[in-house]
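Worksheet: the structure to be examined is printed underneath.
A short reminder: the numbers here are calculations on the coordinates, not readings from a lab. Bear in mind the structure is a predicted one, so any value in this text is a computation, not a measurement. Virtual Cβ from ideal backbone geometry, glycine too; neighbours counted across all protein chains shown.
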């Protein structure tokens with residue numbers, strides 16, 4: 001179907017035909033007539049399907065009529081997730097509206113100076129393309145007016161929600177007039193996107209466009225397994241030196257990784273640039289301009305470049321790090337094979353990332369074939385039995401390598417019985433640690449004597465002739481115990497209840513008390529009994545060895 005059959009104004013048809021477009025895509029054939037009727041739309045279509053023209057052409061056609069409210073605010077507001085996509089949408093708006101008189105646009109994105117944006121907003125503006133964060137800044141400063149807004153467009157709504165802009169989108173929609181047309185475009189209309197659509201639209205028409213199979217067939221998808229980071233770097237170097245590569249985008253997971261990979265490639269002689277969210281908008285624009293002009297051969301970027309970049313010379317897309325979301329994979333590889341061209345998408349996967357690969361294959365419905373580069377084959381195997389390139393699943397019964405090694409409890413050649421263990425009494429850690437005649441002060445140190453060191457079970461086996469036994473298998477405590485040799489000396493029988501035993505203990509106690517009294521000085525006690533004297537200790541010449549001490553008052557004169 002041609003654009004002339006969609007009900008567009010001749011001025012817009014002239015701009016479209018001058019841009020080189022003659023036939024409308026499926027999403028344009030369904031969305032443009034419905035949007036011209038004034039209905040709210042919920043459109044689901046894949047990347048590269050012509051969504052920008054689907055919402056921009058009918059929105060610009062509404063501006064041919066005079067506005068009902070007089071102000072300098074925009075009549076059309078387009079929200080996008082990234083700066084690059086915002087710049088692309090503004091460029092498309094200027095292309096389609098170049099035949100209109102006094103047609104003005106403004107692009108409000110982060111990383112760009114406020115001065116130029118404020119200058120654009122100080123004059124009447126028709127179309128504003130913005131990212132949610134920067135638009136909120138202008139709203140809080142009172143620099144933009146939505147009193148005459150007629151159309152609100154949410155482009156890549158799913159991506160904006162993934163980036164955490166749901167609250168900003170709701171705040172912006174609350175500032176817009178209730179009598180407006182809302183056009184929501186997203187890769188999916190389920191889940192959180194569906195909930196947001198129900199809040200912002202009224203009796204919306206739902207349009208779902210399936211992905212074109214011929215577009216998918218023109219992108220060859222390959223999967224390379226890598227052992228580690230060094231292996232990834234060598235694979236990347238080999239791919240970029242291929243003669244088939246003209247320009248490539250390398251996607252990394254973090255901003256720091258993009259800088260490191262770009263510097264590494266520059267040191268290796270490649271014309272490389274980095275692109276990530278922390279860069280100023282001027283730096284990002286220059287990096288993209290060098291890529292479009294062909295001066296940059298390799299662009300290392302985060303997912304900010306997954307949408308909104310349309311460069312004809314990109315022949316390869318390399319996923320240095322796999323995306324965490326399967327839909328991001330589709331947008332990444334969509335940077336190549338644009339407008340009927342062919343492209344190659346190569347993804348590096350670690351040995352434990354087979355789950356991410358399966359999620360991507362389940363989302364796209366296509367299998368990614370496993371490839372290897374000569375001389376750079378992986379030395380390990382995937383952890384979870386990833387199907388081989390021949391299409392047959394790998395068996396889990398064979399030996400696994402690399403990070404996938406797991407020890408099985410059923411791999412023993414013969415069952416282990418509890419009878420294989422040594423007796424508990426013979427274990428070094430289970431020996432009786434109580435006081436015994438065969439114990440040593442040194443703990444577990446070897447004995448100095450030649451006598452064997454045994455345990456109480458061995459002593460019981462030797463019988464009472466070897467070691468005297470009492471209750472609890474312990475030898476008695478003796479005064480003459482001096483080590484391991486004492487256990488072989490015969491011990492005399494002692495009756496603790498006899499009168500002779502206690503008379504002997506009393507004589508020993510008196511002798512000790514007398515010896516202690518002879519060592520003391522002064523009249524400290526009774527040498528015979530050891531009792532304290534009744535009289536108090538003196539503070540004069542007794543035991544002091546001198547006269548009276550001079551007190552404190554002796555230092556002063558009355």
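For 242, 145, 40, what ranking results if the residue with the fewest other Cβ atoms within 10 Å of its Cβ goes first?
Result, fewest neighbours first: 242, 145, 40.
At a 10 Å Cβ-Cβ cut-off, how would you order 250, 192, fewest neighbours first?
192, 250
Going 7 Å from the Cα of residue 241 toward and past its Cβ, which residues in region 278-314 have a backbone nitrogen under 20 Å from where you end up?
Counting backbone N atoms under 20 Å from the label point, the list is 297-300.
At 0.36 nm per residue, minus the direct Cα-Cα distance, what do residue 266 and residue 104 gain on full extension? Give it in nm, one decimal, please.
Full extension of this stretch gives 54.2 nm more.
What ranking of 107, 176 emerges when the number of other C-beta atoms within 10 Å of each C-beta is taken as an exposure proxy, fewest first?
Exposure proxy ranking, most exposed first: 176, 107.
Per the Kirkwood treatment, what hydrodynamic radius in Å, one decimal, follows for region 3-208 from the mean inverse distance over all distinct Cα pairs?
17.0
Just to check, using Stokes-Einstein with a Kirkwood Rh over alpha carbon pairs, what's the diffusion coefficient of region 123-248 at 37 °C and 0.692 mPa s in µm²/s?
The estimated diffusion coefficient comes to 177 µm²/s.
At residue 310 and residue 148, where each label point lies 7 Å from the Cα along Cα→Cβ, what is the point-to-point distance in nanometres?
With each label placed 7 Å out from Cα toward Cβ, I get 2.9 nm.
Please label the shape of region 213-393 as rounded, prolate or oblate, based on the square roots a ≥ b ≥ c of the eigenvalues of the alpha-carbon gyration tensor (a/c under 1.5 means rounded; beyond that, a/b larger than b/c means prolate, else oblate).
Here region 213-393 falls in the prolate category.
In nm, give the distance between the simple-model label positions of residue 518 and residue 222, each being 7 Å from the Cα along the Cα-to-Cβ direction.
Result for the modelled spin labels: 10.4 nm.
Provide the FRET efficiency to the nearest 0.05 for the residue 13-residue 256 pair, computing r from the beta carbons and using R0 = 35 Å.
0.10
Using a 7 Å offset from Cα along Cα-Cβ at residue 208, what residues in region 1-32 end up with backbone N under 20 Å from the label point?
In region 1-32, the label zone of residue 208 (backbone N under 20 Å from the point 7 Å along Cα→Cβ) covers 26-32.
Compute the distance in nm between two label points, each set 7 Å from the Cα along the Cα-to-Cβ direction, one at residue 292 and one at residue 510.
For residue 292 paired with residue 510, the spin-label model returns 12.0 nm.
How high is the FRET efficiency from residue 234 to residue 171, r the C-beta distance, R0 45 Å, rounded to 0.05?
Efficiency for this residue pair is about 0.40.
Report the FRET efficiency, 1/(1 + (r/R0)^6), for residue 359 and residue 199, where r is their Cβ-Cβ distance and R0 is 30 Å, rounded to 0.05.
The formula returns an efficiency of 0.55 here.
Compute the relative contact order of region 213-393 as a whole-number percentage, counting only Cα pairs closer than 8 Å that sit 6 or more residues apart in sequence.
31
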